[in-house]
Each structure stands twice: as C-alpha cells, then as structure tokens.
Amino acid sequence: MIWDEARPLARPIREIVFVEEQGVARELEWDDKDANCDHAVAFDGNGRAIGTARLLPDARIGRMAVLKEWRGLGVGAALLRAMLARARDKGMTEVTLHAQQQAADFYRRFGFRKQGGEFQEAGIPHVEMRLHLRRSGNDG
C-alpha cells in the first residue's frame, strides 16, 4: 500500500504505540521516508486498523506497530510475513530491521539473526537484525 492510502490508517497506530506508549519524540517518529515505502496495515473483523509496518527501498523493515489489545495474537506475525512477501516481490534477497531489544526473540522466530551489539534509537535499546530471503517464501 502506498503512503497516501496508508497514512490515515497507520498514523494513528504509530502515534499511540510509539509516541504515546513508548515516549518516542514525534519529530523522530515522522520522518521523510514514508512516501517512498511500501506499507502494510492489519485490520480487525470490523475493518478497524490495528497494526502497521513499512518496507523501505533499502530493504529495511520498520515502524512495526500493533495496538496493545492485539499483541500476542498473530497480528505482528501477519504484518511481518506481508513485508517479507513484498520484499521478495521486489526482488530483494535480504532484509534488515532495527528490533527493539525486547522484541528480538519475535524476529528470531522468523530466522532473523542479530548483527552487532545493542544501540539506542529514540532512547530505546535496539539491535540490528538480518534475514536472507529464501525464494520459496517459507520464512516464519
């Protein structure tokens, strides 16, 4: 989904998760990269947007966010699978992401491997992770 379509759905989710819950400065959350990314949005059974993620042109997945009441129910996994499928469709052979340290195990389940040590991003501990994409689409 392009940003013009995703914006009204994804922006409120990212505001709640990153700015309100995690205390990320609004000026750090809203960068100039969204317009050049592919976006995914997850919906509940009533059509309400409940999660979002983006794929940057440099093969980095970012801004994965799921509303609190939907965490642990497979929404994040569905978003990640959608981003991996989109990366494959675009011919990408490897993807990276900056995982919040507390979410690194989630990404490991999909085959992501840590690269380097912990670093701070927006005041939150992160690790860089990479995944080589298999052609079969069986990641995760």
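Please treat every number below as a calculation from the coordinates, not as lab data. Owing to the predicted nature of the structure, the values given are computational and were not obtained by experimental measurement. Cβ coordinates were reconstructed from backbone atoms using ideal geometry, including for glycine residues, and neighbour counts include every protein chain displayed.
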Kirkwood Rh, Cα Rg: Rg to Rh for region 27-68? 1.02
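Could you order peptides 87-94, 125-132 by the average number of other Cβ atoms within 10 Å of their residues, highest first? Intermediate values should be presented prior to the final figure.
Values: 87-94: 13.1, 125-132: 17.5.
Result, highest mean Cβ count within 10 Å first: 125-132, 87-94.
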Under 13 Å Cα to Cα from K114, which aspartates and glutamates show up? Leave out anything in the same chain fewer than 8 places away. D105, E128
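Per DSSP H run of n ≥ 4, the term is -39500 (n - 2.57); total these for the chain, divide by its residue number, and report the mean residue ellipticity at 222 nm rounded to 500 deg cm²/dmol. Display every interim value, and only then the final one.
Values: 4 runs with 36 residues, N = 140.
After summing the helix terms and dividing by the residues of the chain, the value is -7500 deg cm²/dmol.
Just for the chain, what percent of DSSP beta bridges are antiparallel, to the closest 5? Could you put the intermediate results ahead of the total?
On the way: 23 of 25 bridges.
Antiparallel bridges make up about 90 percent of those DSSP assigns within the chain.
Compute for region 3-132: radius of gyration divided by Kirkwood radius, i.e. Rg/Rh, restricted to C-alpha atoms, rounded to two decimals. Present the calculation step by step, with values, prior to reporting the outcome.
Values: Rg = 13.8 Å, Rh = 14.9 Å.
Reported Rg/Rh (Cα atoms, Kirkwood Rh): 0.93.
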Toy charge model, Lys and Arg Cβ at +1, Asp and Glu Cβ at -1: the chain dipole around Cα centroid in debye, rounded to 20, equals 640 debye
Reachable aspartates and glutamates, given that their alpha-carbon falls under 12 Å from the alpha-carbon of K90 and they are not under 8 places away in the same chain: D38, D58
